[in-house]
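Asks: There's a structure below that I have some questions on.
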Amino acid sequence: MAVRTVGLIPVVAAIVGNALVTFIKTGAALASGSSVMFSEAVHSFADTLNQLLILIGVRRSYKEPDPDFGYGYGRERFFWALISACGIFFIGAGITFYKGISSLINPQPLEIHSIVFVVLGASFLIELFTWWIAARGLKNSYPNLTWRERILVADPSTLAVYLEDAVAVLGVIVAAASIGASYYTGNVLWDALGSLVIGVLLAATAIILITKNHSYLLGRSIPEEEREEIISALVAEPAIERVIDFKSSVLGIGVYRIKCEVEFNGPALFKEAYQRKYLKEQYEEVKNDYEAFKRFCVDYADRIPRLMGKKIDEIEVTLKKRFPSVRHIDIEIN
């Protein structure tokens, strides 16, 4: 999947789906007076707002680098996704907990209408569809990974939609079970408990997303497997003796920056510097002429640094070709 579209389609689909679900859930909550249905309406409303924030971040992350931000705006999506996750925690989980606790303290009678279950059924199908879109996006982006690995390395925007819609599907099931239990037992405690369960699911989702986006904003390193592959590629270069230090950071989805300190292989450089002219011949030319020897030394002192710069450029081109995600490379010589 192209970097510029990663996370975009699932977010747009989720916004449309959640806006529709918010509307029908709100109507059902007003008609029934159910706290768990109200929690579901707040949940969907919060999801809609949060995914609008994620969309802003995704769109802004496409901006090209400029003099003020030489490495681009890739981290915009992490910033807006972090705000979105905070919204899930404080608005979604917070209001849901408040409503559930209020219903426990001051229980109100429920008015069960068949329309409530129709709304829950429709919501379930819509949420399941948007969740499937997010799941498909994750699978297409990381086809060779397990689901656990996909969740660990996933783009925070797509992951947010995936988790939020998964919680939404579970929330609909919890809401239906809670309302049904309250109806059959005549005890509204079940309705309040359902609201609290949804609040716990939202809070857990928010904490996962906050942690993930926080790590990216701090400058999270690239995945360990890719790090090892890049270091191996550097060491395989004849001109590099060893890699002394290696640092990396994720600048955006599929955009990496690496900085490394290397020790050059002197004999390999020397061999390349004089591969076209035998050193012995040069020695014969300068051994009896001190001025010629000085010119040789000046030429040698000038040739080696330029050769080192040329080799660094060649290594950077090779790395970028082999690892397309590596957009920015800083190689320092020890």
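The numbers here are math on the coordinates, done by the rules we state, and not lab data. This structure is a prediction, so every number in the text was calculated from the model and none was measured. Because the Cβ atoms are built from the backbone with ideal geometry, glycine has one as well, and the counts that use them run over all protein chains shown.
Asks: Within 10 Å of each residue's Cβ, count the other Cβ atoms and sort Met37, Met308 from fewest upward.
Replies: Ascending Cβ contact count within 10 Å gives the list Met308, Met37.
Asks: Mind listing the long-range amide H neighbours of Arg242? Cut-off is under 5 Å, sequence gap 5 or more, other chains count too, H placed in the peptide plane at 1.01 Å from N.
Replies: The list, which skips near neighbours in sequence, is Glu263.
Asks: Ok, one more. Would you tally the net charge around Ile331, using a Cβ to Cβ cut-off of less than 10 Å, leaving Ile331 out, and scoring K and R as +1, D and E as -1?
Replies: Around Ile331, the surrounding residues sum to -3.
Asks: Related question: Suppose R0 equals 25 Å; then what is the FRET efficiency for Arg306 and Glu64 from their Cβ-Cβ distance, rounded to the nearest 0.05?
Replies: 0.20
Asks: Quick check on the chain: of the DSSP beta bridges with both residues there, what percent are antiparallel, nearest 5%?
Replies: 60
Asks: Another question, then. Report, in cubic angstrom per residue, the convex hull volume of the C-alpha atoms of the range 116-157.
Replies: Hull volume over Cα atoms, normalised by residue count, gives 80 Å³.
Asks: Indicate the helices, whole DSSP H runs only, in the chain that combine a mean Kyte-Doolittle hydropathy of -1.0 or more with a Cα extent along their long axis of 20 angstrom or more.
Replies: 8-32, 35-60, 114-141, 156-185, 189-217, 290-322
Asks: Give, in nm to one decimal, the length gained when the segment between Ile9 and Val317 is fully stretched (0.36 nm per residue of separation minus the Cα-Cα distance).
Replies: 107.6 nm
Asks: Now for a different question. Which chymotrypsin sites (Phe, Trp or Tyr not before Pro) does the range 231-334 hold that lie in a coil by DSSP with at most 15 other beta carbons within 10 Å?
Replies: Hits after loop and neighbour filter: Tyr274, Tyr278.
Asks: Also: Which order, highest average first, do 115-126, 231-242 follow once you tally other Cβ atoms within 10 Å for each residue and take the mean per peptide?
Replies: For the peptides 115-126, 231-242, the packing ranking is 115-126, 231-242.
Asks: Using the structure shown, list the pairs from Lys139/Lys321; Lys287/Lys310; Lys259/Lys320; Lys271/Lys310; Lys99/Lys212 with a Cα-Cα distance above 23 Å, or answer none.
Replies: Exceeds cut-off: Lys139/Lys321; Lys287/Lys310; Lys99/Lys212.
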